[in-house]
Amino acid sequence: MERVISGNEAVAYGAMLSRVQVVSAYPISPQTTIVETLSDFCASGRLKADFVKVESEHSAMACCVGAASAGARAFTATSAQGLALMHEVLHWAAGARLPIVIANVNRAMAAPWTMWCDQSDSLAQRDTGWLQFYCEDNQEVLDSIIMAYRISEKVLLPAMVCLDGFILSHTYEQVEIPGIEEVDRYLPSYVAQLKLDVDEPRSFHAAMPPDVYMEQRVKFQGAMEEAKGVAKEVDEEFGRAFGRRYGIMEEYFAEDADVLLVTSGTITGTARGVVDDYRKKGEKVGLLKMKMFRPFPTEDVRRVLQKVKKVAVVDRNISFGATGIFAQEIRSVLHRHGEGTSVFGFIAGLGGRDVTPSVLQQIVEIAKGKEAPSGDVVWIGAKP
């Protein structure tokens with residue numbers, strides 16, 4: 001079935017088709033219509049789930065932790081300050097190895113107060129142990145929710161599916177919505193390996209002394225590393241089942257590029273058009289779309305980028321006192337393995353500012369005109 005729906009509705013359909021059993025709901029713009037739509041699905045009987053109205057985002061994640069500990073498939077959604085309020089419980093969910101899925105509708109962080117988009121909210125949670133995926137369009141949003149459960153329940157780690165606030169969340173696009181029977185074959189019911197059970201009592205989330213805590217962290221990191229391969233397998237299986245694939249990253253005219261743009265989220269669609277324009281002029285500009293951010297696909301990124309002379313990373317975020325966060329990761333990946341590759345870091349689109357084709361063309365021209373970056377960060381579009 002094809003319908004014209006918003007990005008937030010795409011999230012809700014993805015959760016419904018995944019047959020989530022518990023939805024913890026607390027509204028915050030621009031994600032509010034996700035939980036509103038799921039409320040409608042529950043009220044109409046289309047989704048048979050416990051819809052729990054909580055008093056804060058902290059409670060929303062705590063509710064998911066409780067539900068997942070009891071063996072249920074749990075879901076919630078948030079944005080910006082709401083995700084920040086969840087921060088403590090994000091660590092609990094990941095450390096407890098609970099396969100919760102959250103949709104984060106990317107919104108810039110206060111202060112100053114803003115409603116508009118950048119990735120500062122989700123990337124600030126990069127060290128909490130959650131898988132992170134960034135979506136380009138509404139079809140990818142719906143499909144990624146379903147795939148996130150497959151990945152999470154395989155490696156026992158929670159997953160965050162991110163979409164640009166308002167740019168996707170409130171924009172309507174044609175989306176193919178798969179049938180529930182098709183999704184059931186792809187995503188079977190979740191059966192927890194261990195769960196709270198009065199007939200088989202166990203200790204959960206217990207204190208760990210120093211002589212065992214570090215070993216738990218080794219297993220945690222191992223699960224993250226395993227997730228790279230699992231995500232590829234899950235994507236391949238999704239392609240066979242539904243005819244669509246995304247990969248953990250996407251190469252577009254990357255093989256022979258002299259300048260390679262690196263993007264994530266909705267900037268990617270604009271960048272494709274810019275790359276096409278350069279290619280029509282005979283200029284070798286390419287694109288690498290980053291879908292998976294955690295775990296970071298180190299080997300795959302290195303394979304692509306160490307063959308390129310100039311890499312222009314477009315970050316819709318910044319780690320204050322350092323650089324754009326994707327640029328940080330890419331420089332780290334190429335250290336001692338990408339000699340000869342110059343990494344240019346650009347900050348653009350913060351607080352919802354438009355990243356237009358002319359902005360990306362400016363970025364390409366700066367990279368073309370220099371052999372190496374003159375600094376770690378170039379601000380694009382900021383008024384002097």
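Given the criterion crowded, with 20+ Cβ neighbours inside 10 Å, among the small types (G, A, S) and modelled with pLDDT of 95 or more, identify the matching residue among G321, G345. Walk me through it before giving the result.
Working: G321 fails: crowded, with 20+ Cβ neighbours inside 10 Å.
Result of the check over G321, G345: G345.
Whether any residue in the range 12-32 is hydrophobic (A, V, I, L, M, F, W, C), in contact (Cβ under 8 Å) with a residue 60 or more places away in the chain and touching a Pro at 6+ places or on another chain (Cβ under 9 Å) is what I want to check.
Yes.
Only one of (1) within 30 Å of A322 (Cα to Cα); (2) assigned to a loop (DSSP other than H, G, I, E, B); (3) of a type in the set (S, T, N, Q) is not met by Q132, so which one is it?
The one condition Q132 does not meet is (2).
Name the one entry in A93, A74, A103, A84 that is surrounded by 24 or more Cβ atoms within 10 Å (Cβ to Cβ), of a type outside the set (F, W, Y) and within 26 Å of A327 (Cα to Cα).
A103
Have a look at E255, E233, E250 and point out the one that is farther than 24 Å from V20 by Cβ and not in a loop (DSSP other than H, G, I, E, B).
E250
In the range 44-65, is there at least one residue being in the same structural domain as E181 (by TED's automatic domain parsing), of a type outside the set (A, V, I, L, M) and in contact (Cβ under 8 Å) with a residue 60 or more places away in the chain?
No, that holds for no residue.
Among the listed residues A159, A111, which satisfies the condition of being under 18 Å from L350 (Cα atoms) and either among the small types (G, A, S) or outside the structural domain of M224 (by TED's automatic domain parsing) (or both)?
Unique residue meeting the criteria: A111.
Is there a residue being assigned to a helix (DSSP H, G or I), touching a Leu at 6+ places or on another chain (Cβ under 6 Å) and of a type in the set (S, T, Y) anywhere in the range 98-121?
no
The values are calculated or read from the model by the stated rules, or taken from the named source; none is laboratory data. Just so you know, these numbers come straight off a predicted model, no measurement behind them. So basically every Cβ, Gly included, is an ideal-geometry build from the backbone, and we count neighbours across all protein chains shown.
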